[in-house]
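Everything on this sheet refers to the single structure shown next.
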Amino acid sequence: MRTDTEVDCSAALEWVAEVLGAPVRDVRALAGGATGEMLALRTDSGTESILRLTTNEPWRTHGAALNGREAEIQEMLEGSGVPAPRSLALDRHGERCEHPAHLMTLLPGQVDQLRTDTDSLGLLAQLLADIHAIEPTIPLRDYQSWAWEEKFVIPGWAADRGLWDDAFAVLRTAPPAYDPCFIHRDFALRNVLWSGGRISGVVDWVETSVGPAWLDVAHCASNIAVRQGSGPADAFADAYGARTGRAPQPYFDVMDLVGFLPPPGRPPIWSDPAMLVRLEERLAAVLPRCK
């Protein structure tokens, strides 16, 4: 068996072999999984799949809920037209895999976090509009803000300390009224797959909830902005508004940006100083819109 992961996943691979009816031949670790290991698998019979192993804290403590939610959402999305993976098996509590685990289908395509041309942003906006139009058929939790009060500390790298103080003040007020809808909650280019100029999949459904549509828009825009600036971020938000008629709610842009700050005592989420500069620049762009 070929493997390029250092994680001891032997127990998990035995479980996968039982589920799929063939030994696992190849294991490839995928980049970007904050919750633990995302492994691309191929069996001797040629079946390809993805295994999520929730190994990292604090997510491992909540792994049963996270993986269970993702499996339920993927089942709900079958036939919806949204290109999501299909759940194959769930080891909710890690009884077989030693860590909470979810096995799902492998979708075609590649992630491209720099894909912000006009046509691609239009496709991305339409995908998010389609997600928000889904009527949930299972109970879902209410959304959670990632801008916790403990994060309301001006970062040491900040160039404009007053800007962050103003952002914290905004978030100490009540959020605006919104029409709750089905949201992905971690919608960003890193979770979208592209193939042949089209979107072939959207992944990572563990945070799915009911909440404000604009929070999904804001999160995607924030992720675009820290890599390429506010121009493409606003172009995406405008494309979404044009397709849905939803007005911007900049409060949620501020909430999302502050959510990128680490809890006290932890390092910044990005090691690239340029990304931190662009995060602050994005906050400077959206904060005046709250007035």
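No lab work stands behind these numbers, since they all come straight from the coordinates. Since we're looking at a predicted model, the values are computed, not measured. In this analysis, Cβ positions are derived from the backbone assuming ideal geometry, glycine residues included, and neighbour counts consider all displayed protein chains.
Brief remarks on what is shown
- Averaging 1/r over each pair of different alpha-carbon atoms in the chain and inverting the result gives 20.0 Å, the Kirkwood hydrodynamic radius.
- Put a dot 7 Å past the Cα of residue 28, heading toward its Cβ, do the same for residue 112, and the two dots end up 1.8 nm apart.
- Label point distance in nm, residue 119-residue 200, each placed 7 Å from Cα along Cα→Cβ: 1.7 nm
- Rounded to the nearest 20, the Cβ-based charge dipole of the chain about its Cα centre (Lys and Arg +1, Asp and Glu -1) stands at 400 debye.
- According to the calculation over all Cα-Cα pairs in region 118-290, the P(r) per 10 Å bin from zero is 10, 39, 37, 13, 1 %.
- Order of 270, 15 under a 10 Å beta carbon neighbour criterion, fewest first: 270, 15
- Sequence-distant contacts, meaning Cα pairs under 8 Å at least 6 residues apart, place the relative contact order of the chain at 17 percent.
- Rounded to the nearest 500, the 222 nm mean residue ellipticity of the chain from helices alone is -11500 deg cm²/dmol, with -39,500 (n - 2.57) taken per DSSP H run of at least 4 residues.
- Value of relative contact order over region 118-290, rounded to a whole percent, pairs C-alpha under 8 Å and six or more apart: 31 percent
- Neighbour counts of C-beta atoms inside 10 Å place 111, 153, 254 in the sequence 153, 111, 254, starting with the fewest.
- Taking the DSSP beta bridges with both ends in the chain, the antiparallel portion is around 90 percent.
- Among 67, 191, 56, the largest mean-square fluctuation in a Gaussian network model of the chain, built with springs joining Cα atoms closer than 10 Å, belongs to 56.
- Cα centroid separation, region 213-258 to region 262-283 (Å): 18 Å
- Put in order of Cβ neighbour count within 10 Å, fewest first, the listed residues 131, 154 become 154, 131.
- Both radii come from the Cα set of region 2-105: Rg as radius of gyration, Rh as Kirkwood radius; their ratio Rg/Rh reads 0.95.
- Taking amide H as placed 1.01 Å from N in the peptide plane, the amide H of residue 181 sits under 5 Å from that of 211, 213, each at least 5 places away or on another chain.
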